[in-house]
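Here the structure is laid out as structure tokens; the discussion comes afterwards.
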């Protein structure tokens, strides 16, 4: 394990961001903060820090359990970070899912013409 790792590299390694450049961009835009202070992509991560990540409409919080600069499999992520997002933030996320968007069963594909007509009928 590495002792010193940049925050953009750590966010990428624990699979919060798909690419390191996206993690770096989020830091530059002020969406990543530690102890309430926005951080630059070059800021080094320390053990047991709480990293706050603003992803509208909520703020997610992660606790650093271990440090690594190498991208890992999804099963290993739980050894390196812990999701400590407040319950009220998760409730806010669930409420926006219920009221803001239409939902379809996973794997059902795009609606057919018949499905679309039924959806339009229900909306009216």
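The values are calculated or read from the model by the stated rules, or taken from the named source; none is laboratory data. Bear in mind that the values here come from a model prediction, so they are computed numbers and not experimental data. Positions of Cβ are generated from backbone atoms using ideal geometry, with glycine treated the same way; all protein chains shown enter the neighbour counts.
A few remarks follow.
- Taking the listed residues 90, 11, the one that is more than 30 Å from residue 123 (Cβ to Cβ) and under 16 Å from the mean Cα position of the chain (by Cα) is 11, with no other qualifying.
- Any hit, segment 36-46, residues being assigned to a helix (DSSP H, G or I), surrounded by 15 or more Cβ atoms within 10 Å (Cβ to Cβ) and at pLDDT 85 or above: no
- Any hit, segment 9-17, residues being farther than 17 Å from residue 83 by Cα and either without any contact (Cβ under 8 Å) to a residue 40 or more places away in the chain or touching a strand residue (DSSP E or B) at 6+ places or on another chain (Cβ under 9 Å) (or both): no
- Qualifying residue in segment 97-119 (condition: under 21 Å from residue 31 (Cβ atoms), over 16 Å from the mean Cα position of the chain (by Cα) and touching a residue at least 40 places away in the same chain (Cβ under 8 Å)): no
- Top-ranked residue in segment 47-95 [being without any contact (Cβ under 8 Å) to a residue 24 or more places away in the chain and touching a strand residue (DSSP E or B) at 6+ places or on another chain (Cβ under 7 Å); ranked as farthest from residue 4 (Cα to Cα)]: 83
- Answer from 71, 54 - the residue that is within 29 Å of residue 20 (Cβ to Cβ), part of a loop (DSSP other than H, G, I, E, B) and within 18 Å of the chain's Cα centre (by Cα): 71
- If the condition is being surrounded by 12 or more Cβ atoms within 10 Å (Cβ to Cβ) and in a helix (DSSP H, G or I), then segment 74-93 contributes 76, 77, 79, 89, 90, 92, 93.
- Scan of segment 95-117 for residues that are in a helix (DSSP H, G or I), surrounded by fewer than 11 Cβ atoms within 10 Å (Cβ to Cβ) and modelled with pLDDT under 90, ordered by number: 97, 98, 99, 100
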